[in-house]
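Reading through the structure tokens given below for one structure.
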Amino acid sequence: MPLDHLHFQGLRNLPAVTWQPGAHVNLIFGDNGSGKTSLLEGLHILGMGRSFRTRQLKHAITHDQDALTLFGRLTGDPALPLGVERRRDSDGLNVRVAGEKIDRIAELARHLPMQLINPDAFRLIEGAPAARREFLDWGVFYVYPDFFDVWRRVRRSLKHRNALLRHDRIDEQSLALWSRELARWSDRLDAMRNDWMARFSGVFSATLAELIDLPDLSLRYYRGWDKNRPLEEILLEGVATDRQMKFTQQGPQRADLRLRMGRYPAAEVLSRGQQKLVVSAMKLAQGRLLEQKDRHRCLYLIDDLAAELDEQHRRAFCRLLEQMNCQTFLTGIEPASLEGHWHVDTDVKRFHVKQGRLANMPTAR
């Protein structure tokens, strides 16, 4: 279900904004600093409960406002209203779905799955494993309804085991208990991740082939411990080393997606433009897999698509978006960078941002 109505108030340099996006492609143009990325940030907070620009959500509140308020409405029968409020004098979020207050951001995320493609997306290739685990678990979250509960149990077991490892005197019985608990839930989590990878690999390969020819690129899942040994055995044998390091060294918290070009890490071989296309293929494949599973739409936020991509690859990217049953918001400085890549019958809506103010643009001829 796409969003058909949005209202943002108290968001960065934007005055109060009310707009009606299109159900498919939304192009947002404007100079640097005009507020384009702030609009995408507002959408991201509305769906994820957090910003991609700052860890402290209070920093996204307009300097002379007391609160940040975001509202969106998903089409349907009936329509589904979503609301997020963050007050400057409070540490928590006030989140409502269909008028009812909810406590878990995961409940909000289920209604508005989204993927972000922006300059930070290169972290999927160049960055630490944490970014790739987040990407992996996003997919698993939407495939397995019980993922979040299993993930929380893994985190809880790991937290208790690490706390025991930091003590000067270890309660061996408690350590063995939490090692077993961690291994039990880690096996469940690993099974989910492994199954998702089996589903994702083919979709990713097909998507990548539509954007760029990289036959030597491989994507592999590493679970975080020796694939030939049970985790409980590894944890029990590794107590002395873990105690010396004061944390658990093997387990699902070390899982990774490993991208390679032949024998070499992809980050060492691929150009920036190639990396952007690989990351884009990964993100687009998430939406395709989600749609195949339950016909649920994924919303895409794409900041400055033209950066690092030539016209040929921009066109290929846009044609892929056209084929997908998704709602997309793309930003650019010059209209020419995103125009001319769409079929005449594609639902494309255009907006212009100037000094934080959003206005509709006429349909391109």
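The values are calculated or read from the model by the stated rules, or taken from the named source; none is laboratory data. These numbers come from a predicted model, not from an experiment. We place every Cβ from the backbone using ideal geometry, glycine too, and count neighbours over all the protein chains shown. Accessible surface is based on the protein model in full, side chains and every heavy atom, while ligands, DNA and RNA are left aside. Shrake-Rupley method; radii C 1.70, N 1.55, O 1.52, S 1.80 Å.
Average accessible surface for the chain: 49 Å² per residue, computed with a 1.4 Å probe over protein heavy atoms with every protein chain in place.
Please list the three semi-axes, largest first and in whole Å, of the ellipsoid equivalent to region 8-127, using sqrt of 5 times the eigenvalues of its alpha carbon gyration tensor. For region 8-127, the semi-axes come out at 21, 19, 17 Å. Here the Debye sum runs over all C-alpha atoms of region 258-322 as equal scatterers in vacuum, and log10 of I(q)/I(0) at q = 0.30 Å⁻¹ comes out as -1.27. A quarter of the convex hull surface defined by the alpha-carbon atoms of the chain gives 20.3 nm² as the mean projection.
Note that region 103-158 shows a convex hull volume over its alpha carbon atoms of 99 Å³ per residue.
Grab the other residues whose beta carbon is less than 14 angstrom from that of Val84, score K and R as +1, D and E as -1, and report the net. Kindly include the intermediate steps, with their values, before the conclusion.
Values: positive: Arg50, Lys58, Arg73, Arg86, Arg87, Arg96, Lys101, Arg104; negative: Glu41, Glu85, Glu100, Asp103, Glu107.
Net charge around Val84: +3.
Between region 292-315 and region 104-171, the alpha-carbon centres lie 24 Å apart. Here the chain has 46 percent of its accessible surface on carbon and sulfur atoms, given a 1.4 Å probe and all protein chains in place. Spin-label pair Arg50-Lys293: with each label point 7 Å from Cα along the Cα-Cβ axis, the two points sit 1.9 nm from one another. Considering only His59, Thr241, Pro119, and ranking their Cα positions along the charge dipole of the chain that arises from unit charges at the beta-carbon of Lys, Arg, Asp and Glu, the one farthest toward the positive end is Thr241. The calculated FRET efficiency for the pair Ser205 and Lys101, based on their C-beta separation and a Förster distance of 30 Å, comes to about 0.10.
For a straight C-alpha distance cut-off of 29 angstrom, the lysines reachable from Lys283 (same-chain residues fewer than eight places away being disregarded) are Lys36, Lys58, Lys227, Lys293, Lys349.
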